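Working notes, structure below.
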Amino acid sequence: MIRILTSTMGLGTYVPALLLADYLKGRQKECQVQVIESYLGDEKLNKFLMNKEQYHQSFKVARLGHKLAEKKLSGLLEASEEAAVINEWDSEPAEAFLVMSGNWLDVLLRYLQFGRIEADSVYMIHMDVGTTPSWFRFANLTVFPHLRVYDEDGVNYRFEYPELEKKDLFEDEAEEKPWIYLHGGGWGMGTYRECGQKLKESLPYRVRTTIHHMDEADFLEGWEYYLMDPEWRPWNSENGCLYPSIYRVCDAHRKIKIPNEHHQGMYSLYQNSCAIISKAGGGTLMDSLITATPLVFIDPIAKHEEENQKLWVKLGLGIRLEDWEKENYSLAVLKKLYENILDYRRKIPGIGESVLAGMTTEEYRENYADV
């Protein structure tokens with residue numbers, strides 16, 4: 001069995017973990033996704049949810065929270081919580097651990113110390129160019145091999161999801177204005193709502209946007225609103241809904257649930273959009289490649305997002321919002337970025353395929369694993 005260890009503290013590591021698990025299961029590999037929140041007590045979960053809401057409401061608080069998280073010196077799990085994890089792992093041994101959140105490394109290092117696993121059966125999978133808060137204490141850890149999805153030079157791996165293309169979205173003679181998708185990542189952080197207020201008069205596109213509370217919908221003409229279900233709790237085993245729960249908001253009192261198994265609901269919305277306006281989270285970069293959607297960047301929350309943004313602009317796959325504004329929000333600019341994405345992603349190996357090769361081939365580990 002393969003265990004994929006992730007967290008919902010960032011959907012940019014959670015959703016990729018689900019996509020990776022889907023691929024591995026399709027290759028007849030038994031696979032289990034574990035979120036670290038499943039082992040936290042009520043006090044920690046309540047604090048997590050409180051921070052999530054505060055970060056959504058305030059860009060300044062979100063930035064400060066990321067800086068403080070980088071300085072954290074202790075692990076997330078208490079001794080009793082670590083013991084529960086270890087007992088579960090002992091009861092059903094795994095051939096490999098794919099780690100997508102650094103919050104798991106304390107218990108993994110303890111498990112290694114106990115002699116329950118081999119170091120080369122653990123892969124640390126990084127979803128950002130720079131170091132995110134959960135990995136900060138382990139930035140120089142070399143005991144486990146690293147797989148870096150992105151680095152400052154390019155994209156090293158893609159996630160094996162059926163790649164999507166767009167049809168007739170970049171034609172100037174289209175009868176209706178094309179769509180743009182505006183969001184602030186899984187937690188709805190950053191300046192995207194302020195940007196929405198600024199752009200509602202000047203942007204020559206229709207806009208779809210994610211909201212996190214029903215009262216955030218202004219019901220502007222030419223806008224559609226999609227609610228990230230505030231009651232969604234993927235760490236609750238009784239929830240039954242692994243992928244984010246999304247609703248199309250019809251009016252102030254009515255919403256319709258969108259099927260989002262395997263993330264196809266959100267990806268269909270991105271597929272039918274000419275661009276995503278957002279900050280440069282690692283999961284958003286992945287969405288850009290899978291759906292062939294250019295990224296238009298708003299202010300980053302943290303250093304790793306700034307580095308992600310620099311990479312995407314350098315590769316010609318995205319543009320800063322202020323630079324696009326100087327181009328009068330040109331559709332031709334987006335079309336060129338779209339064509340660049342189609343060309344670039346053809347060259348990228350799949351991460352699931354690479355992981356499986358690394359599990360069976362020592363040569364792969366020696367030459368490619370420690371990127």
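General remarks:
- Selected residue [loosely packed, with under 15 Cβ neighbours inside 10 Å and within 17 Å of the chain's Cα centre (by Cα)] from E231, E261: E261
- Residues of the stretch 96-115 that are in a helix (DSSP H, G or I), open to solvent by less than 30 Å² (accessible area, probe 1.4 Å) and in contact (Cβ under 8 Å) with a residue 60 or more places away in the chain: W104, L108.
- In the stretch 205-221, the qualifying residues are those that are more than 19 Å from W232 (Cα to Cα) and in a strand (DSSP E or B), and the one that is least open to solvent (accessible area, probe 1.4 Å) is V207.
- Some residue of the stretch 295-316 being over 20 Å from the mean Cα position of the chain (by Cα) and either free of Cβ contacts under 8 Å to residues at least 40 places away in the same chain or surrounded by fewer than 20 Cβ atoms within 10 Å (Cβ to Cβ) (or both): yes
- Near pairs, Cβ below 9 angstrom, 6+ apart or cross-chain, from the stretch 219-230 (touching a residue at least 40 places away in the same chain (Cβ under 8 Å)) to any residue that is open to solvent by 40 Å² or more (accessible area, probe 1.4 Å) and not in a strand (DSSP E or B): G222/K177; G222/K200
- Which listed residue, of A79, A69, A17, A84, is in contact (Cβ under 8 Å) with a residue 40 or more places away in the chain and more than 19 Å from the chain's Cα centre (by Cα): A84
- In the stretch 20-58, of all residues being of a type in the set (A, V, I, L, M, F, W, C) and over 19 Å from the mean Cα position of the chain (by Cα), the one that is modelled with the highest pLDDT corresponds to C31.
- The criterion of being hydroxyl-bearing (S, T, Y), within 30 Å of I246 (Cβ to Cβ), touching a Phe, Trp or Tyr at 6+ places or on another chain (Cβ under 8 Å) and touching a residue at least 12 places away in the same chain (Cβ under 8 Å) holds for T191.
- Of the helices (runs of 4 or more DSSP H) lying entirely inside the stretch 1-95, the ones with 3 or more residues being among the hydroxyl-bearing types (S, T, Y) are found at 11-26.
- Candidate set from the stretch 20-57 (those that are in contact (Cβ under 8 Å) with a residue 60 or more places away in the chain, among the basic types (K, R) and in contact with a Leu (Cβ under 8 Å, 6 or more places away or on another chain)); member that is farthest from E82 (Cα to Cα): R27
- For the stretch 139-159, the set of residues classified as open to solvent by less than 20 Å² (accessible area, probe 1.4 Å) and not in a loop (DSSP other than H, G, I, E, B) consists of H146, L147, Y150, G154, V155, listed by residue number.
The values are calculated or read from the model by the stated rules, or taken from the named source; none is laboratory data. As the structure is a computational prediction, the values presented were derived from the model and not from experiment. Cβ coordinates were reconstructed from backbone atoms using ideal geometry, including for glycine residues, and neighbour counts include every protein chain displayed. Ligands, DNA and RNA are excluded from the accessible area calculation, which covers all protein heavy atoms including side chains. Shrake-Rupley method; radii C 1.70, N 1.55, O 1.52, S 1.80 Å.
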